[in-house]
Amino acid sequence: MKHIAKDKDTPKFDRWKALANEDWQPTYKDLRDPEKKEVKDSLLNEQGYICCYCERRLTDNDSHIEHLNPQSNNAVNPLDYANMLCSCQKQLKQGKPRHCGNLKGNWFDNQCLVSPLDPGCEGHFAHTADGNIQPSRKSDDAARMTIEKLGLNINRLIALRKKAIEPFLDENLSEQERSQFVSGYLRKNTGEMLGEFWTTIDYIFVQNAHNNER
């Protein structure tokens, strides 16, 4: 789970909300394009076009606006941009396992779930070369619950993470070439996109490398 720094740039959305008056109050159900597209585009951009939870590549057709604290919570303002993220699995194909926002649904507990808006969220998780994700500390119940509630260790995601790791394990790469490969992967490309499973690659090839040097 990569930390997401909110960087709101939604003037159309802001103007639309400002139209509220005694006869009309904006609701999330009322939100339509172009304002809704602006919100989603902004979310995609600030996340580097990877899922807020599993870090799979997001496309417009395979992503949806996710409310971190669900709209079913009466204390939540559904139009609060600070509570909005972008998750994968907009259209779940038959037979495909649910994960991320699609699996979380209306469940959220600030005391139990690690939030990608927490600057320290990445430190809650450890990654292995076989594609598994686990709490970085055995006593971290929040990390364990997050992995379970978001389905982050389902077979499909393990396989995808393992596939993302494999090119970096090429025995033909020198240590310098591997280091350059990793550094390039962890930078946004010209389309403002981050590499899939960013924290997996960072953990295995940067964090572990630094720990081994100590």
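The table for this structure:
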item	result
Selected residue (criterion: surrounded by the most Cβ atoms within 10 Å (Cβ to Cβ)) from residues of segment 68-79 that are touching a residue at least 40 places away in the same chain (Cβ under 8 Å) and of a type in the set (A, V, I, L, M)	L68
Count of residues meeting criterion [of a type in the set (F, W, Y) and over 26 Å from L160 (Cα atoms)] in segment 26-71	1
Enumerated helices (runs of 4 or more DSSP H) restricted to segment 151-204, each holding at least 2 residues that are basic (K, R), under 20 Å from A126 (Cβ atoms) and touching a Gly at 6+ places or on another chain (Cβ under 7 Å)	155-165
Segment 168-187 residues that are basic (K, R), paired with ones that are surrounded by fewer than 15 Cβ atoms within 10 Å (Cβ to Cβ) (beta carbon under 9 Å, 6 or more apart)	R178/L169; R178/D170
Qualifying residues in segment 138-150 (those that are of a type outside the set (G, A, S) and free of Cβ contacts under 8 Å to residues at least 12 places away in the same chain) - the one farthest from G120 (Cα to Cα)	E148
Residues of segment 155-172 classified as surrounded by 15 or more Cβ atoms within 10 Å (Cβ to Cβ) and of a type outside the set (F, W, Y), total	7
Residue in segment 50-60 that is out of contact with any Ser or Thr (no Cβ under 7 Å at 6 or more places or on another chain), surrounded by fewer than 17 Cβ atoms within 10 Å (Cβ to Cβ) and free of Cβ contacts under 8 Å to residues at least 40 places away in the same chain present	yes
Tabulated pairs, segment 30-46, first under 22 Å from H3 (Cα atoms), second exposed (fewer than 15 other Cβ atoms within 10 Å of the Cβ) and of a type in the set (G, A, S), C-beta under 9 angstrom, 6+ apart or interchain	E46/A5
Qualifying positions in segment 41-65 - within 21 Å of G195 (Cβ to Cβ) and not in a loop (DSSP other than H, G, I, E, B)	D41, S42, L43, L44, N45, E46, I50, R57, D60, N61, D62, S63
Single condition L103 does not satisfy, out of (1) of a type outside the set (S, T, N, Q); (2) more than 20 Å from E46 (Cβ to Cβ); (3) surrounded by fewer than 18 Cβ atoms within 10 Å (Cβ to Cβ)	(3)
Where N21 falls short, out of the listed (1) under 19 Å from the mean Cα position of the chain (by Cα); (2) more than 28 Å from K188 (Cα to Cα)	(1)
Residue tally, condition among the acidic types (D, E), more than 17 Å from the chain's Cα centre (by Cα) and at pLDDT 85 or above, over segment 68-124	1
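Yes/no matrix, rows are residues, columns are (1) of a type outside the set (K, R); (2) in contact (Cβ under 8 Å) with a residue 40 or more places away in the chain; (3) touching a Ser or Thr at 6+ places or on another chain (Cβ under 6 Å):
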{"site": "E66", "(1), (2), (3)": "yes, no, yes"}
{"site": "Y81", "(1), (2), (3)": "yes, yes, no"}
{"site": "S87", "(1), (2), (3)": "yes, no, no"}
{"site": "L92", "(1), (2), (3)": "yes, no, no"}
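The values are calculated or read from the model by the stated rules, or taken from the named source; none is laboratory data. Here the structure is a predicted model, which is why all the values come from computation and not from measurement. Note: ideal-geometry Cβ built from the backbone for every residue, glycine included; neighbour counts use all protein chains shown.
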